[in-house]
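Worksheet for the structure shown next.
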Amino acid sequence: MKKTLGSILLFVFIVILISSCAPEAICAEDVATQKAYGFFGGLIHGVLLPFAVFGKMFGINTGIYAVNNTGLLYWLGYFIGIGTIGGGGAYGGSRRRRK
C-alpha cells in the first residue's frame, strides 16, 4: 500500500514538474517581443503536449502550442514530437507483438 501511494505521488510530482516546461499562455502584446519558435521548439512542445494537457485538467495555465512560431517547420517538429510520445503511427497500431 505504501509503495503504491509513493509511486502515485512520485508520478504526480514528475508530471507537474514536466508540465511546467510547457509553453506558457501569452498575451497578444507579448508575441511581438518574444522570439519565434522553430523546428526544435516545436519538437519539444510536441513531446510536452500530454503533460500540458494533464496540467490543463488541473487548472494550470499552460499553452498547448507556441503562438509565435515560424510556421511549417514548427508544426513539423510539433507533430514529430507528438508521434514520438504516441508510439509512432504504424508501430503503435501493429497487431502482432514484436520480439
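For the stretch 27-42, indicate whether the set of residues that are at pLDDT below 80, in contact with a strand residue (DSSP E or B) (Cβ under 9 Å, 6 or more places away or on another chain) and within 19 Å of Ile85 (Cβ to Cβ) is non-empty.
Looking for residues that are at pLDDT below 80, in contact with a strand residue (DSSP E or B) (Cβ under 9 Å, 6 or more places away or on another chain) and within 19 Å of Ile85 (Cβ to Cβ), one finds none in the stretch 27-42, hence no.
Taking the stretch 52-99 as the search range and keeping residues that are of a type in the set (Phe, Trp, Tyr) and modelled with pLDDT under 80, which one is nearest to Leu17 (Cα to Cα)?
Phe54
Looking only at residues that are polar (S, T, N, Q) and surrounded by 15 or more Cβ atoms within 10 Å (Cβ to Cβ) in the stretch 34-85, which one is farthest from Phe11 (Cα to Cα)?
Residue satisfying both the conditions and the ranking: Thr70.
The values are calculated or read from the model by the stated rules, or taken from the named source; none is laboratory data. The structure presented is a predicted model; accordingly, all values stated were derived computationally and were not measured. No Cβ is skipped: glycine too gets one built from the backbone with ideal geometry, and neighbour counts run over all protein chains shown.
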